[in-house]
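Right, one structure below, let's go through it.
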Number of protein chains: 2
Amino acid sequence: MIDPHEILCTHFDRYLALDEVERNALRERSSVRRLKKRGFLLQEGEVCKSYAFVVEGCLRMYEMDEKGVEHNLQFALENEWIVDIGSFHAEKPSSLFIEALEPSTVICIEHADLLYLYTEHPKFDRNFRVIIEDQFVELQQRMLRRNASSAEQRHAHFVEQHPALAARVPNVHIASYLGVTPEFLSRLKSKTSKGR
Amino acid sequence: MIDPHEILCTHFDRYLALDEVERNALRERSSVRRLKKRGFLLQEGEVCKSYAFVVEGCLRMYEMDEKGVEHNLQFALENEWIVDIGSFHAEKPSSLFIEALEPSTVICIEHADLLYLYTEHPKFDRNFRVIIEDQFVELQQRMLRRNASSAEQRHAHFVEQHPALAARVPNVHIASYLGVTPEFLSRLKSKTSKGR
DNA sequence: CTGATCCCTTGACCTGGATCAAGGTCATTT
DNA sequence: AAATGACCTTGATCCAGGTCAAGGGATCAG
């Protein structure tokens, strides 16, 4: 299997590619972590200590409300980042959970290490800015859709935009991500498949 | 009245404060623009050309759906930023509108100028990264609330967190921002005020 | 002063989606 | 191989919030 760090460095090639020095700094300041299915990278009440890059597997980030119902905020597949940025930067306890939906391999960068990378190698500032801008734009569009479209339209859009997730992730979690109950999602699916 | 650029520079003091050189560069690479009530900073189909900082006034960013219904995505008051980042960076046509709800004064930074600032003065990369991270965290929380709370709870939270907006902005726009109809928001308000 | 616009409210009725309950199928554990 | 638990489905019923329609008070332009 390929070296996880190679995968991460290749990922940065999509932005401003890293040079040798930066690659080495990144290698030294990050660590590989393996999670088994249903393992937690973060639990409510803890400070989110790692900015995590998914090398392999699938994770979800969610909040649990007073009634114990979970609300999925984000999924992360291979080559995606997952972190509670608020908790991570403020070093305050998080209200979120990050859980592996499959056995997963992630690369973790801790707070002090990321600060080091930011200040010693400004390219990281740039790259992480662009990465989060992209995520921000996606989240804005999702917010708009949440307010402007029906559950059926949101689900159709999700399946179209994220076929890999639709195939790998249980419907319960997709329902929660879309903001509907699993029962209703089930009805939606049976309706649309009957349409064909 | 105070120089708008002063206000912008002061705003950056909340992050990594700018030195003389950076302040001058910023002044040279930005421009002040005044909008009258109902004036547009961006209209659907145009490329979003300015990263805008509100010096005075109040703006909203929204999308219009096929039926002509508007969906508010964001408000911006004094000392806040407003831009369709997706359109701005990709230099692609936007699907959004940015409209002044009051006579407003904004400072605009155009695409080429911001790139210049980013590359010549890395502190801007840093500061804009932090600014957008903060906005991202807020948007995540809003998304969670949208899926986890009732309209009544969301409205109560909005009034509590944004009293200035609740006072300055017509209810139609707040309703759209919260994802409910103006009629229903009106009922919510009359219910809660009767509670006292 | 006088229409136009906005903007808000209230009523009557309707519907998308929630809730509750039950049963069914796998896959994992023991 | 039985038992547990995760996941999906379907039915019956309910309700938060939408839709449509009408009226009324501000505010602003001519």
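The values are calculated or read from the model by the stated rules, or taken from the named source; none is laboratory data. The shown structure was predicted, so the numbers you read here are calculated from the model rather than taken from an experiment. Note: ideal-geometry Cβ built from the backbone for every residue, glycine included; neighbour counts use all protein chains shown. Calculation scope for accessible area: heavy atoms of the full protein, side chains included, ligands and nucleic acids excluded. Shrake-Rupley method; radii C 1.70, N 1.55, O 1.52, S 1.80 Å.
What the table shows:
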quantity: The listed residue being within 13 Å of chain B (Cβ to nearest Cβ) and either touching a helix residue (DSSP H, G or I) at 6+ places or on another chain (Cβ under 9 Å) or within 20 Å of B:I131 (Cα to Cα) (or both), out of A:T105, A:T181; calculated: A:T181
quantity: Residue tally, condition of a type in the set (V, I, T) and assigned to a loop (DSSP other than H, G, I, E, B), over the range B:68-90; calculated: 2
quantity: The range A:54-102, subset among the hydroxyl-bearing types (S, T, Y) and either under 12 Å from the mean Cα position of the chain (by Cα) or open to solvent by less than 20 Å² (accessible area, probe 1.4 Å) (or both), residue nearest to A:I131 (Cα to Cα); calculated: A:S87
quantity: Test for B:E46: is it in contact with a His (Cβ under 6 Å, 6 or more places away or on another chain), more than 15 Å from A:L144 (Cβ to Cβ) and among the charged types (D, E, K, R); calculated: no
quantity: Candidates B:L139, B:L165 - the one that is more than 14 Å from chain A (Cβ to nearest Cβ), under 14 Å from the mean Cα position of the chain (by Cα) and either within 16 Å of DNA strand C (Cβ to nearest atom) or in a helix (DSSP H, G or I) (or both); calculated: B:L165
quantity: Test: residue in the range A:105-123 that is away from DNA strand C (no atom under 16 Å from the Cβ), among the hydrophobic types (A, V, I, L, M, F, W, C), surrounded by fewer than 20 Cβ atoms within 10 Å (Cβ to Cβ) and part of a strand (DSSP E or B); calculated: yes
quantity: Pair list, Cβ under 6 Å, 6 or more apart: the range B:1-21 residue more than 21 Å from B:E120 (Cα to Cα), other residue at pLDDT 95 or above; calculated: B:P4/B:V32; B:P4/B:V55; B:P4/B:I107; B:I7/B:V55
quantity: Filter result (within 16 Å of DNA strand C (Cβ to nearest atom) and either farther than 25 Å from A:V172 by Cα or touching a helix residue (DSSP H, G or I) at 6+ places or on another chain (Cβ under 6 Å) (or both)) within the range A:80-102; calculated: none
quantity: Identity of the residue in the range B:148-162, more than 11 Å from DNA strand D (Cβ to nearest atom) and loosely packed, with under 14 Cβ neighbours inside 10 Å, that ends up farthest from the other protein chains (Cβ to nearest Cβ); calculated: B:E160
quantity: Close pairs from the range B:178-189: first basic (K, R), partner near DNA strand C (Cβ under 6 Å from one of its atoms), Cβ under 9 Å, at least 6 apart; calculated: B:K189/B:N171
